[in-house]
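Dropping the structure in here first, questions after.
The values are calculated or read from the model by the stated rules, or taken from the named source; none is laboratory data. Just so we're clear, the structure is a prediction, and the values are computed from it rather than from any experiment. Backbone-built Cβ (ideal geometry, glycine too); neighbour counts: all protein chains shown. Just so you know, the surface numbers come from the protein's heavy atoms only, side chains and all, with ligands and any DNA or RNA stripped out. Shrake-Rupley method; radii C 1.70, N 1.55, O 1.52, S 1.80 Å.
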Amino acid sequence: VLQGYAAEMDNPLMAHLISPELQNKKDILFGNMEEIYHFHNRIFLRELETYVEYPELVGRCFLDQMEDFQIYEKYCQNKPRSESLWRQFSDSVFFQECQRKLDHKLSLDSYLLKPVQRITKYQLLLKEMLKYSKNCEGAEDLQEALTSILGILKAVNDSMHQIAITGYDGNLNELGKLLMQGSFNVWTDHKKGHTKVKDLARFKPMQRHLFLHEKAVLFCKKREENGEGYEKAPSYSYKHSLNMAAVGITENIKGDAKKFEIWYNAREEVYIIQAPTPEVKATWVNEIRKVLT
């Protein structure tokens, strides 16, 4: 892909086949695929090869290189831009010619999906290896490697949602690390305590997608898009946010194990949040508690 497509975009002999709108868009189309390629070729593959005789110790490999796996997050974040560009120019003569020369059965977009598939495949491979390495020397490293890879997958997944937020004025990076994101039913009460919570519960809830950062929690409304691939990925229109410094939490609400309460400025605003399951609620309550303490 890097030689047969990306390098060809700079080949003067191919220039006449590239439409002007596609020129200088190489970085958008291929993202940091080259960085991923070099990481595997120069570093990760060589490390793996040193464990050929001791496959059960391969967890070490992952742990030593865990920082480098962050490059996948960058690739996945760029993927929507890449896909949208590909859709505009997928029938371009340039791409057809490159594919013909390479004698590829599949078109470029199938290959651009590979890094995304690869990062999700590692956790399956590690799980499988763990299954057969229960009592051997490297089992703990394998388990730790699996946990770390799942952490990277969660970060990739969360950041894919985060880049879909529209309408937020400030800079999302200033809100600290994104810890959790997910969809909830939300009831609100702004009347400084005139309404009893049980009266409130009769009203229809709002569907909100929440993003919990270290410094704020964002409430967004999910918009499903029509289209294919990442086009059909939802986007989130920003509604409002609460500064974590002024937030309080009530962990248990009578009568519903899935509900908890976030309140603001000494209960001036109260948000009753209903999670899809008690487990999801527990994870969120834990994370919020960590931030508050």
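Probe of 1.4 angstrom, ligands and nucleic acids ignored: what's the accessible area per residue over the chain, in square angstrom?
58 Å²
For region 42-74, which chymotrypsin sites (Phe, Trp or Tyr not before Pro) pass both filters: DSSP loop (anything but H, G, I, E, B) and at most 16 other C-beta atoms within 10 Å?
Answer in residue order: Tyr51.
List, largest first, the extents of the alpha carbons of region 242-293 along their principal axes, each in whole Å.
27, 21, 14
Ile43 to His240: extension gain in nm, 0.36 nm per residue of separation minus the Cα-Cα distance?
Working: separation 197, 0.36 × 197 = 70.92 nm, distance 4.43 nm.
Stretched fully, the Ile43-His240 segment lengthens by 66.5 nm.
Leaving out ligands, DNA and RNA but keeping every protein chain, what accessible area does Leu126 have, in Å² rounded to the nearest 10, with a 1.4 Å probe?
Counting only protein heavy atoms, Leu126 exposes about 0 Å² to solvent.
In degrees from 0 to 90, rounded to the nearest 10, what is the angle of the helix 114-131 Cα long axis to the longest principal axis of the chain?
Helix 114-131 sits at roughly 70 degrees to that axis.
Sort Ile149, Ile71 by heavy-atom solvent-accessible area, probe 1.4 angstrom, most to least.
Descending order: Ile71, Ile149.
What order do Trp263, Trp187 take when sorted by accessible area (1.4 Å probe), most exposed first?
Ranking Trp263, Trp187 by accessible area, largest first, yields Trp263, Trp187.
A further question on this structure: Could you list the GluC sites (Glu not before Pro) in region 91-170 that lie in coil according to DSSP, counting only those with at most 16 other Cβ atoms within 10 Å of their Cβ? Kindly include the intermediate steps, with their values, before the conclusion.
Details: sites: Glu97, Glu128, Glu137, Glu140, Glu144; in loops: Glu137.
Answer by residue number: Glu137.
Now for a separate question. Pull out the extension gain between Met14 and Arg87, defined as 0.36 nm times the separation in residues minus the alpha carbon to alpha carbon distance; nm, one decimal.
24.2 nm
While we're looking at this one, here's another question. Within region 70-94, whose backbone N sits under 16 Å from a point 7 Å along Cα→Cβ of Thr166?
Zone members listed by number: 80-81, 84.
Additional query: In degrees, nearest 10, range 0 to 90: what is the angle between the Cα axis of helix 139-162 and the longest Cα principal axis of the chain?
Helix 139-162 sits roughly 80 degrees off the main axis of the chain.
In whole percent, how big is the carbon plus sulfur part of the accessible area of the chain, probe 1.4 Å, protein atoms only?
51 percent
Continuing with this model, one more query. Quick check: with the 1.4 Å probe, what order do Phe203, Phe94 take by accessible area, largest first? Walk me through the numbers on the way to the answer.
Values: Phe203 130, Phe94 0 Å².
The ordering from most to least exposed comes out as Phe203, Phe94.
How much accessible area does Arg42 have with a 1.4 Å probe, in Å² rounded to the nearest 10?
My reading of the accessible area for Arg42 is about 140 Å².
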